[in-house]
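The values are calculated or read from the model by the stated rules, or taken from the named source; none is laboratory data. Note that this is a predicted model, so its numbers are computed, not measured. Please note: Cβ atoms are built from the backbone with ideal geometry, for glycine as well, and neighbour counts cover all protein chains shown.
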Amino acid sequence: MATVTAAQAIGRRVPRVSRWQSPWLNAKLLVGFAMVLSMALLGVVGRLFWDVRLAHAASSPLNLPPVFAKAGPNFPPPDPAHPLGTESNGRDMLAVLIVGAPRSLRIGLIAAGIGMGIGIILGFTSGFVGGWLDNVIRTFADAFITIPSLAVLIVISAYVRQISVENMALLLAAFAWPGPTRLIRAQVLSMRERGYVLMARLSNASTFAIMFKEMLPNMLPYLAASFTGNVSGAILAATGLEALGLGPTRVPTLGMTIFYAIRAAAIIRGMWWWWGVPIAALVVIFSGLFLMTIGLDEIANPRLRGARPQ
Amino acid sequence: MRGLTLGYLVRRLGMFFLTIWLGATIIFIVPRLAPGDPVAAMVTRLQAQSGYVEGSAEMIEAWRARFGLDGPIYVQYVNYLRSVLTFNLGFSLSSFPSRVEEMIAQALPWTVGLLSVATIISFVIGNAIGALLAWRRTPAALRAILPLSFTFTSIPFFMLAILFIYVFAFGLRWFPPFGAYGRGLVKGFNWPFIKSVVEHGVLPAFSIVVASMGFWGLGMRGMMITTDGEDYMILAQAKGLRPARIFWNYGIRNAVLPQFTALALSLGGIVGGSTLVEYVFAYPGMGYLLYQGIVNNDYTLIQGIVFMLIVTTATAVFIIDLLYPFIDPRISYQKR
């Protein structure tokens, strides 16, 4: 803090405050990012050290508990060859984790990315053009946002049984655009009359330049918060569909593992590692994304940051 | 009826029907965009099975008529919209003589009951926690404990539900793991039945409440901090009003308004999330019925349930919208 006040005392020549004072160095954002990254890296690094073919059914002995667990009388003794145990279809849980975690993340990133793209286009159109177009876009976004997307996705994937990971992400993207659209529209409306935008307009900047050079950078924290929220929402919907047995069937996913665990009554049989491993991985992903969203909210709205001076 | 103007009512009613129409249209169109027309393929499959199911000829006829499969797509669409808007949802494919409307009528009260209780509890507790976190007179000890309640916020309802079944039903045996009431009980207004319903409802409701209250808490904290910076709060303090009065009438009353908007907007997500909770708990509501529909390839049932879920959500949002002018008298005077 001392350096900052000193810098301010010297005058306005110092271009920015200390490098470590950047609001982007938010503890919640960084911790959350590290959590999400760890799951992504698990998929990249894990493949180098572990045979992912063990994620397929009937590749391992059945019902092995994890090595660190007390083996009950109903289960065979743990085997160090399968550190996280195996389930009743003969899949190695560690291999399932390595294959499934990055796949969930990828679905979320694709869906949220497309949703954000549509949101940017519609949001700017709505906020800039205004008039009846604004009314139409706003009304549709409001109506869309209240439709229970998971339920609609269930109908669609019930009809289209063989679905690929990419198509699933596309389907999820169809429900990821209203949030960013509403957000960007509101931001555009509030920014349109700000000084720097008027300044840009007076200096004859094109509408396009105003949008992408003046407005978009100022919305970045909001957009990023909305993006991480959407990634989380898409992964949630994907996992939900998979847990109902409606996801991609050729490749093991975390949600599908939960589906098999529920169907085989793993909860009542005490096989906690069967559902516990995929849920733990998803909890790390969701908590990480959630922390990132909160951190980005704090960056966007400085008032939310911690204790205020009373 | 102060505040509730005709224009507002008409606008919200339009929104209500638009939402339902949009949802119904998406359910109709998207399966048809898939390669190989799944609807036609399904009818063919049904015809192939027709030897095994009694009365299936009638059923297939109903399907063909319903979708107007021989006509062009816009005829199919109009037929579909007409049948759906009159709640003529067709026969169930898996348990044939029963109609989808009847099956839904049995399941809907469970879902609405569970969901409204859980959402109201979560909304009240979450907002209280958020308001207390942002309030400067909250004791430091309380302020340190309260964020703990956000721990489970980001975890999906149904994953928490699985965890709760394992801990509280399988491990500790405090609550029954599945179903909505005990076996062999007479349904009705008698004490053993009510007690059983409550016992069975605690865990599902608890998993929805615990997972969603942090969302309200965080939102409320943000709104309360913003409200706290307003001039009227300073004036209220300067006037020497009692802190409790400032907290309730000046702080919460203003900060909670956007939370109702957020409630209306996130209801769709809550409904979707709770379908999975019902599935995990085998709770006999819409979510579990939906799962059975998926397992049995019962497309009419799936489509009917999802349509009803859309209608239910839209109705709830409509009710919240109608209540809004009473909560915030300023809203109806806004001319757009």
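Counting residues in region A:131-147 that are farther than 25 Å from B:Ala314 by Cβ, in a helix (DSSP H, G or I) and free of Cβ contacts under 8 Å to residues at least 12 places away in the same chain gives one or more. Scanning region B:238-256 for residues that are touching a residue at least 12 places away in the same chain (Cβ under 8 Å), surrounded by fewer than 19 Cβ atoms within 10 Å (Cβ to Cβ) and either touching a strand residue (DSSP E or B) at 6+ places or on another chain (Cβ under 7 Å) or closer than 17 Å to B:Phe326 by Cβ (or both) gives a single hit, B:Asn254. In region B:87-107, the count of residues that are touching a Ser or Thr at 6+ places or on another chain (Cβ under 7 Å) and closer than 23 Å to B:Gly201 by Cβ is one or more. The helices (runs of 4 or more DSSP H) falling completely within region A:161-214 that include 3 or more residues that are away from every other protein chain (no Cβ under 14 Å) and under 21 Å from B:Thr261 (Cβ atoms) map to A:178-191.
Looking at A:Leu223 and the list (1) within 30 Å of A:Tyr196 (Cβ to Cβ); (2) touching a Pro at 6+ places or on another chain (Cβ under 8 Å); (3) surrounded by 24 or more Cβ atoms within 10 Å (Cβ to Cβ), which single condition is not satisfied? In the conditions (1) within 30 Å of A:Tyr196 (Cβ to Cβ); (2) touching a Pro at 6+ places or on another chain (Cβ under 8 Å); (3) surrounded by 24 or more Cβ atoms within 10 Å (Cβ to Cβ), A:Leu223 misses (3) alone.
Restricting B:Ala161, B:Ala141 to residues that are assigned by TED's automatic domain parsing to the domain that holds B:Gly287 and surrounded by fewer than 12 Cβ atoms within 10 Å (Cβ to Cβ) narrows the list to B:Ala141. The sole residue among A:Leu189, A:Leu246 that is surrounded by 22 or more Cβ atoms within 10 Å (Cβ to Cβ) and more than 19 Å from the chain's Cα centre (by Cα) is A:Leu246.
Residues that are more than 10 Å from chain B (Cβ to nearest Cβ) and within 20 Å of A:Val277 (Cβ to Cβ) within region A:219-248 comprise A:Ala238, A:Glu242, A:Gly247, A:Pro248, listed in sequence order.
Among the numbered criteria (1) buried (at least 23 other Cβ atoms within 10 Å of the Cβ); (2) more than 9 Å from chain A (Cβ to nearest Cβ); (3) touching a Ser or Thr at 6+ places or on another chain (Cβ under 8 Å), which single criterion is violated by B:Gly272? In the conditions (1) buried (at least 23 other Cβ atoms within 10 Å of the Cβ); (2) more than 9 Å from chain A (Cβ to nearest Cβ); (3) touching a Ser or Thr at 6+ places or on another chain (Cβ under 8 Å), B:Gly272 misses (2) alone. Can you pull out every residue in region A:263-310 that is under 13 Å from B:Ile162 (Cβ atoms), touching a residue at least 12 places away in the same chain (Cβ under 8 Å), of a type outside the set (Phe, Trp, Tyr) and crowded, with 21+ Cβ neighbours inside 10 Å? Result: A:Ala266, A:Met271, A:Val277, A:Pro278, A:Ile279, A:Leu282. Look through A:Phe128, A:Phe75 and report the one residue that is assigned to a helix (DSSP H, G or I) and among the aromatic types (Phe, Trp, Tyr). Of the residues listed, the single one that is assigned to a helix (DSSP H, G or I) and among the aromatic types (Phe, Trp, Tyr) is A:Phe128. A:Pro102 meets all of the listed conditions (1) within 19 Å of A:Gly270 (Cα to Cα); (2) part of a helix (DSSP H, G or I) but one, namely (1). Quick one: how many residues across region B:234-268 are touching a helix residue (DSSP H, G or I) at 6+ places or on another chain (Cβ under 7 Å) and within 17 Å of B:Ala131 (Cβ to Cβ)? Of the residues in that region, 15 qualify. Test A:Ala95 against the criterion of being buried (at least 22 other Cβ atoms within 10 Å of the Cβ), on the phi < 0 side of the Ramachandran plot and either away from every other protein chain (no Cβ under 14 Å) or of a type in the set (A, V, I, L, M) (or both), and give yes or no. When the stated conditions are applied, A:Ala95 passes them. Across region B:282-303, the number of residues qualifying as within 15 Å of A:Ala243 (Cβ to Cβ) and part of a loop (DSSP other than H, G, I, E, B) comes to 1.
Screening B:Val277, B:Val306, B:Val271, B:Val256 for residues that are at negative phi, β-branched (Val, Ile, Thr) and either outside the structural domain of B:Gly214 (by TED's automatic domain parsing) or touching an Asp or Glu at 6+ places or on another chain (Cβ under 6 Å) (or both) leaves exactly one candidate, B:Val306.
Scanning region A:133-145 for residues that are at the interface with chain B (Cβ under 7 Å from one of its Cβ atoms) and over 8 Å from A:Pro178 (Cα atoms) yields A:Thr139, A:Ala143.
Yes/no per residue for (1) within 25 Å of A:Thr181 (Cβ to Cβ); (2) surrounded by fewer than 24 Cβ atoms within 10 Å (Cβ to Cβ); (3) away from chain A (no Cβ under 11 Å):
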site: B:Gly268; (1), (2), (3): yes, no, no
site: B:Val280; (1), (2), (3): no, no, no
site: B:Tyr283; (1), (2), (3): no, no, yes
site: B:Leu289; (1), (2), (3): no, no, yes
site: B:Tyr324; (1), (2), (3): yes, yes, yes
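Determine whether A:Gly130 is modelled with pLDDT under 85, more than 23 Å from A:Ala237 (Cα to Cα) and within 13 Å of chain B (Cβ to nearest Cβ). Yes. No other residue among B:Val306, B:Val271 is under 24 Å from B:Gly130 (Cβ atoms) and in a helix (DSSP H, G or I) apart from B:Val271.
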